[in-house]
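K.L.:
The structure follows.
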Amino acid sequence: MKNKPIIIIAGDPLSVFIEIFLKSINQRKFKNHIIIICCKKNLEYQIKKLNYKNKINPIDLKQLKSIKLKKNEINLINLNLKTTNSKKLQAKFNSEYIKKSFDIAFKLIRDGYSNKIVNGPINKKVFLKKKYLGITEYIASNFNTKKFGMLIYNENLSVSPLTTHLPIKLVSQNINKSKLQDNILIIDNFFRKYLKKKPKIGVTGLNPHCESILKFNEDEKIISKSIIFLQSRYIDVSGPYPADTIFLKNNRKNFDVILGMYHDQVLGPIKTLFEYDAINITMGLPFMRVTPDHGPNYSMYLKNKSSPLSLIKALEFLDKQ
């Protein structure tokens, strides 16, 4: 993976991403070349408003292989962004803009020019229109990847939700032995391949205290049996553990990864512990996809108060791969 450029999709044009991108490249030096896909006018506008002095190195896709990338300038693939006073029409323009950004990045991946993508925050409700649970699923679908997982990574402790942006009432219906075992194996493989370590994986239960008044208890019938099976395959996994105590200091120190049954069960605790010092990694793709672990935050647009830490961590992580 080393030495190939990192492709950045800036995402929502009215998010805080351009701000944190400018802060990141001005505060740190990264080993890999970086190419950002966004609207040049929007980038220039924010550079001026945020009082930066960065120069732009325009990239012509037709001459990409012969163009020299620069580390002291912003390597930019320009995508013009249509604007209008109509909110409904602007949402449509933004969605088209984001889709074109992904299309360009995906082509660069398929052509072998890059194998690393970072995407900025995106309004999933507007862009995905309920066709996918999240951007993770959208990207996996574009590469026909059936087995994948979300990892919120911090070098001290990471978490992975078995189900992602799924309504709570549907969670129990989407938990089964095959899905759980696949997710654990994806985590184990990712850590061995990219982090060169055998991870210690702790698994939460679904129900409070891993108990249920119902005849069918998922913690006993699905989670526990899946863990026992994988232990027989020499995977370092244990559980199920009650979700309300596994993140206590003396408990979480026993694990590299905590796998939860649903999104907020593990993302709430990890964000409380590390705030912006974590990154979102999609495991199982044929390339590395990492994103900052936060949303668009429209209310902070151009206020120059947003933390670049998560993006810095994402770029530093990719530098090591």
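K.L.:
Here are some conditions: (1) assigned to a loop (DSSP other than H, G, I, E, B); (2) of a type outside the set (Asp, Glu); (3) at pLDDT below 95; (4) crowded, with 18+ Cβ neighbours inside 10 Å. Asn304 meets all but one. Which one does it not meet?
P.N.:
So Asn304 meets the others, but not (4).
K.L.:
Taking the stretch 212-226, which residues are in a helix (DSSP H, G or I) and not β-branched (Val, Ile, Thr)?
P.N.:
Initial filter on the stretch 212-226 (in a helix (DSSP H, G or I)): 218-226.
The answer is Glu218, Asp219, Glu220, Lys221, Ser224, Lys225, Ser226.
K.L.:
Follow-up. Go through the residues of the stretch 102-118 one by one and say whether even a single one is surrounded by 12 or more Cβ atoms within 10 Å (Cβ to Cβ) and more than 26 Å from Pro286 (Cβ to Cβ).
P.N.:
no
K.L.:
What's the total number of residues in the stretch 260-301 that are surrounded by 17 or more Cβ atoms within 10 Å (Cβ to Cβ) and more than 22 Å from Asn42 (Cβ to Cβ)?
P.N.:
26
K.L.:
If you take just the helices (runs of 4 or more DSSP H) that sit entirely in the stretch 64-155, which of them hold at least 3 residues that are over 30 Å from Ile187 (Cβ atoms), among the basic types (Lys, Arg) and free of Cβ contacts under 8 Å to residues at least 40 places away in the same chain?
P.N.:
On the way: elements: 87-110, 124-128, 135-142.
Because the criterion is at least 3 residues that are over 30 Å from Ile187 (Cβ atoms), among the basic types (Lys, Arg) and free of Cβ contacts under 8 Å to residues at least 40 places away in the same chain, the helices (runs of 4 or more DSSP H) in the stretch 64-155 that meet it are 87-110.
K.L.:
Name the residue, out of Ile228, Ile222, that is modelled with pLDDT of 95 or more, farther than 27 Å from Thr272 by Cβ, assigned by TED's automatic domain parsing to the domain that holds Val159 and crowded, with 16+ Cβ neighbours inside 10 Å. It would help to see each step written out before you state the result.
P.N.:
Working: Ile228 fails: crowded, with 16+ Cβ neighbours inside 10 Å.
Unique residue meeting the criteria: Ile222.
K.L.:
Kindly provide the set of residues from the stretch 281-301 that are modelled with pLDDT of 95 or more and on the phi < 0 side of the Ramachandran plot, ordered by number.
P.N.:
Ile281, Thr282, Met283, Leu285, Pro286, Phe287, Met288, Arg289, Val290
The values are calculated or read from the model by the stated rules, or taken from the named source; none is laboratory data. Not measured: the values here are computed from a predicted model. FYI the Cβ positions are ideal-geometry reconstructions off the backbone, even for glycines, and counts take in every protein chain you see.
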